[in-house]
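Participant: Let me give you the structure first, and then I'll get to my questions.
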Amino acid sequence: MPQIVVTIDGKTYRMACAEGEEAHLEGLAAGLDARVAELRGSFGEIGDLRMMVMAAIMVSDELDDAKTQLAEAQARVAEFEAGAARSADGRREGDERLTEHLLGISDVVERIAAKLETGRD
């Protein structure tokens, strides 16, 4: 199992990760480090634990917002799919009605043609 070393708020941490996940974990750590630096710039020295808790809450808030946006997008997709299905059903019904009308017209034309043929004989 690969191990990486990340730096967050000037402190290094050795972490294990799955094969191929090294760059992803390093990116996540860099993002957390940037948040901690931003908080430290805003609040100064307020303690490492408090700083990490604040950063974790910020990340959790963004994750919650992303989940909400995803749920809303999934609901919109479901509405569009339902609308497309209704539209397809409507087209099928329209096609069926058109087919019935054309068959009816065909029957009328055949009867007229039969009368014309019998009238000539």
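Nothing in this text is a laboratory measurement; each read-out follows from the coordinates by a stated rule. The structure displayed is predicted, hence computed values, not measured ones. We place every Cβ from the backbone using ideal geometry, glycine too, and count neighbours over all the protein chains shown.
Participant: Within segment 46-67, does at least one residue satisfy the condition of being surrounded by 12 or more Cβ atoms within 10 Å (Cβ to Cβ), touching a Cys at 6+ places or on another chain (Cβ under 8 Å), free of Cβ contacts under 8 Å to residues at least 40 places away in the same chain and not β-branched (V, I, T)?
Facilitator: No, segment 46-67 contains no residue that is surrounded by 12 or more Cβ atoms within 10 Å (Cβ to Cβ), touching a Cys at 6+ places or on another chain (Cβ under 8 Å), free of Cβ contacts under 8 Å to residues at least 40 places away in the same chain and not β-branched (V, I, T).
Participant: Here's something else I'd like to know. Condition check: at negative phi, in contact (Cβ under 8 Å) with a residue 12 or more places away in the chain and outside any helix (DSSP H, G or I). Does I4 satisfy that?
Facilitator: yes
Participant: Going by the structure shown, is A66 under 32 Å from the mean Cα position of the chain (by Cα) and part of a helix (DSSP H, G or I)?
Facilitator: Yes, satisfied.
Participant: In this structure, does R35 turn out to be assigned to a helix (DSSP H, G or I), in contact (Cβ under 8 Å) with a residue 12 or more places away in the chain, in contact with a helix residue (DSSP H, G or I) (Cβ under 9 Å, 6 or more places away or on another chain) and of a type outside the set (A, V, I, L, M, F, W, C)? Steps first, answer last, please.
Facilitator: On the way: assigned to a helix (DSSP H, G or I): yes; in contact (Cβ under 8 Å) with a residue 12 or more places away in the chain: yes; in contact with a helix residue (DSSP H, G or I) (Cβ under 9 Å, 6 or more places away or on another chain): yes; of a type outside the set (A, V, I, L, M, F, W, C): yes.
Yes.
Participant: Within segment 17-35, can one find any residue that is more than 29 Å from M1 (Cβ to Cβ) and surrounded by 13 or more Cβ atoms within 10 Å (Cβ to Cβ)?
Facilitator: Checked segment 17-35: no residue is more than 29 Å from M1 (Cβ to Cβ) and surrounded by 13 or more Cβ atoms within 10 Å (Cβ to Cβ).
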